[in-house]
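One structure below.
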Amino acid sequence: MDREEFKLLVATTVVLGFCFSFREWGVTNFDFGFGFKNFILITILVGISIVVHELTHNHLATKYGTEVKFRTWKALLFAAVLITIITNGYVIFAAVWAVSIGGRVLRPRHKYPHVGPWESAKIAASGPMANFFFALLSAAIAFKTGSYIWHKLMVINFWIAGMNLFPFFRIIPILLMGGGSDWRNFTHQMGKAVWSKSQVPYMEGEVIFFGSPMFNMFLLLLVTITAVLVVSLKMIFTGLFIGLLIGIIYWIYMEKNKGELIPIPKNMRAWKWDMWK
């Protein structure tokens, strides 16, 4: 990690530390001393969670013969703070950074010389999934010991995992528009934007989605359903089982219907999700 990446990582950690500690600046009234201590503690916990996320990216990237870099944008950091203030800290926009994947020219031990969309999707997904399993471990310890720190780690890592799996900006027009060759070209160009070094902000969920939509949606269902059940009902294995079951059912359904959320007669199909596989 170079100096610029380190500065971005520190900025991201501080911003998310503020967001996750927003509701903990006093018990009944605002208390600066109490709140500042919480801010420092939670910022450290956020830093640990981000390091876990990034180390997992780096490990899988090395396996695939490529390199990854930490990226963030001022617009996303500002959006995180704004959303936290507007929602009074109930919604945390934790997808304020993304992995930048750069393939080496030659990978002698690999089938293809460059990293493809599917490999990029797996590299991008590895970070959020590391946070997901870290959240489950934290939940197990928190429920057993009643520790505030482990409970907070659980919450932080579930938010980071879920938010970084959701394909934010570019998925919205994909779901709202459709039809014709212009549409296919439009989605193709948006997909290329994810792999490019454009300064336009993007999310890790988008890298996963444009590598494999079904894989992205499977992981998103698994993580969000499990997180809701674990946090609300304190049922780790049951929550994980239900999340995995619904994810598998979704995958089978999508395979059966050629990747279409709503089955459409063949003569009305303008494009197929199979094009992404």
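Restricting the stretch 46-69 to residues that are assigned to a strand (DSSP E or B) and in contact (Cβ under 8 Å) with a residue 40 or more places away in the chain, which is nearest to V96 (Cα to Cα)? Of everything passing the filter in the stretch 46-69, K69 is nearest to V96 (Cα to Cα).
This table checks each residue for (1) out of contact with any His (no Cβ under 9 Å at 6 or more places or on another chain); (2) closer than 21 Å to I208 by Cβ; (3) not aromatic (F, W, Y).
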| position | (1), (2), (3) |
| --- | --- |
| A11 | yes, no, yes |
| F32 | yes, no, no |
| K37 | yes, no, yes |
| I42 | yes, no, yes |
| A61 | yes, yes, yes |
| K69 | yes, yes, yes |
| T72 | yes, yes, yes |
| A80 | yes, yes, yes |
| I92 | yes, yes, yes |
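Across the stretch 45-60, the qualifying residues are those that are among the hydrophobic types (A, V, I, L, M, F, W, C) and farther than 17 Å from D2 by Cα, and the one among them that is surrounded by the most Cβ atoms within 10 Å (Cβ to Cβ) is V46.
For V46, the conditions (1) over 19 Å from the mean Cα position of the chain (by Cα); (2) closer than 16 Å to C19 by Cα are fulfilled apart from (1). Annotation note: Cβ proximity below 7 Å between a residue of the stretch 10-38 that is of a type in the set (A, V, I, L, M) and a residue that is surrounded by 13 or more Cβ atoms within 10 Å (Cβ to Cβ) and in a helix (DSSP H, G or I) (sequence gap 6+ or interchain) occurs for A11/L77; V14/T43; V15/L77; V15/A80; V15/V81; L16/V46; L16/A80. The residue that is surrounded by the most Cβ atoms within 10 Å (Cβ to Cβ), counting only those in the stretch 145-184 that are modelled with pLDDT under 95 and among the basic types (K, R), is R170. Is it the case that the stretch 228-250 has a residue that's in contact with a Gly (Cβ under 8 Å, 6 or more places away or on another chain), at pLDDT 90 or above and among the β-branched types (V, I, T)? Yes, the stretch 228-250 has at least one match. Scanning the stretch 1-38 for residues that are among the hydrophobic types (A, V, I, L, M, F, W, C), assigned to a helix (DSSP H, G or I) and either closer than 15 Å to A80 by Cβ or within 23 Å of the chain's Cα centre (by Cα) (or both) yields F6, L8, L9, V10, A11, V14, V15, L16, F18, C19, F20.
Scanning the stretch 35-76 for residues that are touching a helix residue (DSSP H, G or I) at 6+ places or on another chain (Cβ under 7 Å), of a type in the set (S, T, Y) and either over 15 Å from K122 (Cβ atoms) or at pLDDT below 90 (or both) returns T43, S49, Y64, T72.
Summed over the stretch 191-210, the residues that are in contact with a helix residue (DSSP H, G or I) (Cβ under 6 Å, 6 or more places away or on another chain) and either modelled with pLDDT of 85 or more or closer than 16 Å to W118 by Cα (or both) give a count of 9.
The values are calculated or read from the model by the stated rules, or taken from the named source; none is laboratory data. Just so you know, these numbers come straight off a predicted model, no measurement behind them. Methodologically, a virtual Cβ is constructed for each residue, glycine included, from the backbone with ideal geometry; neighbour enumeration extends over all protein chains shown.
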